[in-house]
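The values are calculated or read from the model by the stated rules, or taken from the named source; none is laboratory data. Model, not experiment: these values are computed from the prediction. Ideal geometry is used to build each Cβ from the backbone, glycine not excepted, and the neighbour counts take in all protein chains shown. For the accessible areas, the whole protein counts, side chains as well, though only heavy atoms, and no ligand, DNA or RNA atoms are used. Shrake-Rupley method; radii C 1.70, N 1.55, O 1.52, S 1.80 Å.
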Amino acid sequence: MEGRRQLYKYLFFDALTSLVAWALLNGIRMMEFTNASFRYEFLIPEYNARIVYPLIPIFWLSLYWLSGYYNDVCFKSRLTELISTLLTTVVGSIILFFGIIIDDPVSDYSVYLSSLLALMGLQFVLTYAARIIITTSTSERIKNGELGFNTLVLGAGRRAAKLYADLQAMPKSTGFIIRGFVNMSPSASVAVPEKMMVGKRTDIKRLIDELNIQEIIIATENTTESEIYSIMGIVGNTGVKIKFIPSKYQLITGCVRLDTIYGVPMIDMSAVKMSAFIVYFYNCIS
């Protein structure tokens, strides 16, 4: 529920800032065309150009969605957010420039360049400013323990026990509310507190519903690609976020992209964006 509310915040302000940026761009261009000082009516285009206004937020939201920005709205890195916003802004501005702006007649071709740069600057500054405010506010709420997410840990061995100890030792909340551990292999040794054991592999889907799980952390001793595909197939379309702790081999070889989520090194599968077709195919042949 909190994740959905957070998503709505990003969607609303991304749409609003894109609309404001486009209106300001229109005002700047009207000032250039007329050689007049700024007037409020410059923010509203004339005649058939007005149809573009409601399409602008749709365009930007679609582009942000395709970039994967809305995958995990509650756990965001400021650096990743900066890079993602900048790259998407550049790509989107170029598309709008060649799709809309370049059709406008101008007396000097330098106006095209100034229009493109103005669009990039306005879109990036307004969008990133709104996003960083939301992200910072969410981060503070998580650290203060005001916001947390029911988390199920898959694994009950030494890696899972270390994860639990590390989270407990954090001076501030990480946002993960550990609701229990799942023993993924009957032959595996259990190193976590017995009272925290809530089930086995076949119970995952039931536990998601019963415990209102929002996050899953894979902390098995040997996390393989096939294991991840299998778990993604079990979780299905529940909307639960999946993260896993990389092995030392994966870290040394650099074959995974590591994110530090509030001090805990993990791989966010929502950021990796594995194809749903791949997961479906794996389940069919397994």
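Points worth noting:
- Partner lysines for residue 241 [C-alpha distance under 24 Å; skip if fewer than 8 residues away on the same chain]: 9, 76, 143, 162, 172, 200, 205, 273
- The range 105-194, accessible area per residue, ligands and nucleic acids excluded (1.4 Å, Å²): 49 Å²
- Additional length obtainable on full extension of the chain from residue 55 to residue 140, 0.36 nm per residue less Cα span: 27.2 nm
- Summarising the label geometry, the points placed 7 Å from Cα in the beta-carbon direction at residue 133 and residue 195 lie 4.4 nm from one another.
- Label-zone membership for the range 215-234, site residue 162, 7 angstrom Cα→C-beta point, backbone N under 14 Å: 219-223
- Taking 0.36 nm per residue of separation and subtracting the Cα-Cα distance, full extension of the segment from residue 169 to residue 98 would add 20.3 nm.
- Each peptide in 195-201, 72-78 was scored by the mean count of other Cβ atoms within 10 Å over its residues; highest first, the order is 72-78, 195-201.
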